[in-house]
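Working notes, structure below.
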Amino acid sequence: PPSSSTASPSHRSASASDSNAPKQPFVIGVSGGTASGKTTVCDMIIQQLHDHRVVLVNQDSFYRGLTAEESKRVHEYNFDHPDAFDTEQLLDCVQKMRSGHSYQVPIYDFKSHRRCSDSFRQVNASDVIILEGILVFHDQRVRNLMNMKIFVDTDADVRLARRIRRDTVERGRDINSVLEQYAKFVKPAFDDFVLPSKKYADLIIPRGGDNHVAIDLIVQHIHTKLGQHDLCKIYPNVYVIQSTFQI
Ligand code: UZR
Ligand code: MG
């Protein structure tokens, strides 16, 4: 057979219908400003991909814990700056998961601004990995691991209104501190880091979770890609081998 020399035993076991076939997960990055509807978009994608194993990894999990000194002046801490995240660890996580491994994702507590030192969230190997966060397109190395990049583009006034509601209702903050933090850190960091990363997106979704047409199209595309992706990219010769060998 013409391509037998390229087939190692592990390659030969791969087939489009073989559930043991080596697969590389499909990695989707979802970015956008605070309260743009990123999580809603991710949840809707996950719901519609029910026949696949999908995991959501939030960049928030990779916030560095604040030191005692930083905690004393939490109002001066910029949670919207790229340096607030442990990007090396995020990169390690995406690299490992992309190679089909599970990962112990840290757990970050928004109240104490600390990491739980003794517990992790075990994220298992999956078909689709969704990486969500305000700055997931910031680092080129992380960006390069993504098969699809989505930017959720929601007007700033809508985002601020949602952010106020979320922080006061869900996080027990008072409105003045929310507005102060927004003006001092959230908006400038959006202009300096988040918005410039929009140019790396493959898709820009206006109106976030309200945009059902966009979400349907994205899900259709992922279905198509998952059908081809696992074999064509990793083992371009496999289909030839399959058609000439009886395994
Ligand atoms: P999303 N954030 C906090 O408010 N407290 C923390 O301990 C860690 C993060 C906020 C952060 C950012 N900033 O705007 C937001 N501030 O979480 C990102 N200020 O979350 O993408 O869900 O809006
Ligand atoms: Mg969110």
query: What Kirkwood hydrodynamic radius, in Å, does the stretch 98-142 give when the mean of 1/r is taken over all pairs of distinct Cα atoms and then inverted?
result: 12.6
task: Using a cut-off of 13 Å between beta-carbons, work out the net charge of the residues near residue 200 (Lys and Arg +1, Asp and Glu -1, residue 200 not included).
output: +3
- prompt: Using alpha carbon coordinates only, what is the Rg to Rh ratio of the stretch 37-107, with Rh defined as the Kirkwood radius?
  reply: 1.07
- request: List the aspartates and glutamates whose Cα lies under 16 Å from the Cα of residue 199, skipping any in the same chain that are fewer than 8 positions away.
  value: 139, 153, 191
task: Note down the relative contact order for the stretch 77-121 as a percent, whole number, built from C-alpha pairs under 8 angstrom at least six residues apart.
output: 23
message: Per residue of the stretch 43-59, what does 6.51 cos²θ - 1.76 cosθ + 1.60 with θ = phi - 60° give for ³J(HN,Hα)? Whole Hz please, x for Gly and Pro, Karplus curve as stated.
response: 4, 5, 5, 4, 4, 7, 9, 4, 8, 10, 7, 10, 10, 10, 10, 9, 4
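Using only alpha carbon positions, build the gyration tensor of the stretch 155-218, then give the equivalent ellipsoid semi-axes as the square roots of 5 times its eigenvalues, largest first, whole angstrom.
In descending order, the three semi-axes are 26, 17, 8 Å.
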message: Show me the trypsin sites (Lys or Arg not before Pro) within the stretch 174-223 that DSSP assigns to loop and that have at most 16 other Cβ atoms within 10 Å of their Cβ.
response: 207
query: Computed on alpha carbon atoms, what radius of gyration and Dmax characterise the stretch 75-185, expressed in Å?
result: 16.2, 45
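Any read-out appearing in this document is the output of simple, stated calculations on the displayed coordinates, not a laboratory observation. No experiment lies behind these values; they were computed from the predicted model shown. All Cβ positions, even for glycine, are placed from backbone atoms using ideal geometry, and neighbour counts span all protein chains on display.
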